[in-house]
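The next block holds one structure in the form of structure tokens; read it before the comments.
The values are calculated or read from the model by the stated rules, or taken from the named source; none is laboratory data. All values reported here derive from a predicted model rather than from experimental measurement. Don't worry about glycine lacking a Cβ; one is built from the backbone with ideal geometry, like all the others, and counts go over all protein chains shown. Only protein heavy atoms, including side chains, enter the accessible area calculation; ligands, DNA and RNA are left aside. Shrake-Rupley method; radii C 1.70, N 1.55, O 1.52, S 1.80 Å.
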Amino acid sequence: EKRKATKWGRQDRQRAVSYMAWAGPKADPESLVCCAYRHGEIQVWDPDTTHRSHTLSGCFADVVGLHAVHGEHVVAASADGTVALHDWEDGAKMIEFSTGGPLARMRASPAGANLLAVGGKEHDLQIWDVNSQSTIFRARNAKPVFLGMRQPIWIRDLQFNGDSGNVIVTGTSYHQVRVYDTRAKRRPIQSFDVNEHPVTALSVTSDGGSVIVADTIGTLSRVDLGTGRIIGGFKACAGSVRSVECHPTAPVFAAAGLDRYVRIFDLGSRQVMHRAYLKQRLTCMLLSSEVSLTDAGADSESESEDDEDGGEEGTERRQRGSRTEEVDTSAGVINGAGIKPREDPNVVARREWEQRRAERARAKAEAEAAAEEEEEGTGEQAGESEMESSDDSEAQAAMEDGSEDDSGEEDE
């Protein structure tokens, strides 16, 4: 099987990609990718040909959410709480309104592109109707703790659970996961703590019964939305995870973050099925519904090749015996398996540290054994010297007795 890595655009910190969204028509929504850049520009790309379709200028510089409707409009939300509706062709702002507070995340409802869920620091969950520019749901904070103190609010990520648009799962900077049902009440119907670090990303699994939660130190946990218990952990990430995406049908999910790796995990075995090293700190990701997942037990790795500016396709081929592999990570898509992975640097460092510790322990044990032997040898030498001195004293005493006897006989 072949895997291919494709890169387009040019690397520039000021042009970092903030968010991405599928922007193709309803018949093929994954044929186009809409990317929001830090410098205030939105570009639409064709991931197959790596050609830029068109550019929307005059957009927000700090986009926290993006949603595109092909041929109609693009919705973008900024960190200051402003939401704008841009025309598909020229990027002109058709609608612009404020949500009333800073935002950290915006997502469109599966029930309708005009419904947006937003949340941020001290800005609890809200659902807005873009057409009427008004809220249709405004969440209330969870009940105070047993000391009567108010619980702080800081939503970092959120996602709709199901196609109805009524159930929403949020993750906070206070390592909390909360579940809201707009049909039941304004307060969360479930609220529980997950690990000990701020949540950076989350994604609901395809069955809707659990959620994958990522935090700032690279911990990935699968949490049961009914009980709030952690039912599985996933080890591999070495830095903050910035994006998590569950496959809509297959029991797998993908994670990307600051360690420059994209990894695909199997929900059942909790093992890494595939991974790709992309040489840059990753900020966001899209997972295609058409991803081919074969050889679920394989762990593969690849490194993307440096590409020229202008969007030309870059391909790296690796030869492993008689097998040639390619890597495709365009728009978060990874296909194929079979490459023997290079060991993770953290695993290698851990093994070397354990080896050094074992060597130090062995050297210490040898030194203690040598010290004991030396003490035993010193004790034996002391005993022998004592015996020799006692023998000498006895011999001298015997000689003195003999001399006294001789002198007595002479006197007689």
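The stretch 168-215 and the stretch 39-78 have their alpha-carbon centroids 28 Å apart. Ranked by the mean number of other Cβ atoms within 10 Å of their residues, highest first, the peptides 264-276, 15-27 come out as 264-276, 15-27. Counting only protein heavy atoms and a probe of 1.4 Å, the accessible surface of the stretch 134-177 is 55% carbon and sulfur. When each of the peptides 186-195, 133-142 is scored by the mean number of other C-beta atoms lying within 10 Å of its residues, the order from highest to lowest reads 186-195, 133-142. In the stretch 36-86, the portion of solvent-accessible area held by carbon and sulfur atoms comes to 43 percent [1.4 Å probe, whole percent, DNA, RNA and ligands not counted]. Which shape class, rounded, prolate or oblate, goes with the stretch 1-91 when its Cα gyration tensor gives a ≥ b ≥ c as root eigenvalues, a/c under 1.5 marks rounded, and past that a/b bigger than b/c marks prolate? In terms of gyration-tensor shape, oblate. With a Förster radius of 30 Å applied to the C-beta separation of E352 and T283, the computed FRET efficiency comes to 0.45. In this rough spin-label picture, where each label sits 7 Å from Cα along the Cβ direction, the V145-R360 distance is 3.8 nm. Sorting 82-95, 205-218, 117-130 by average packing, meaning the other beta carbons within 10 Å per residue, from highest down gives 117-130, 205-218, 82-95. Going by the alpha-carbon gyration tensor, a ≥ b ≥ c the square roots of its eigenvalues, is the stretch 50-130 rounded (a/c under 1.5) or, if a/c is not under 1.5, prolate (a/b greater than b/c) versus oblate? Since a/c reaches 1.5 and a/b is larger than b/c, the shape of the stretch 50-130 is classed as prolate.
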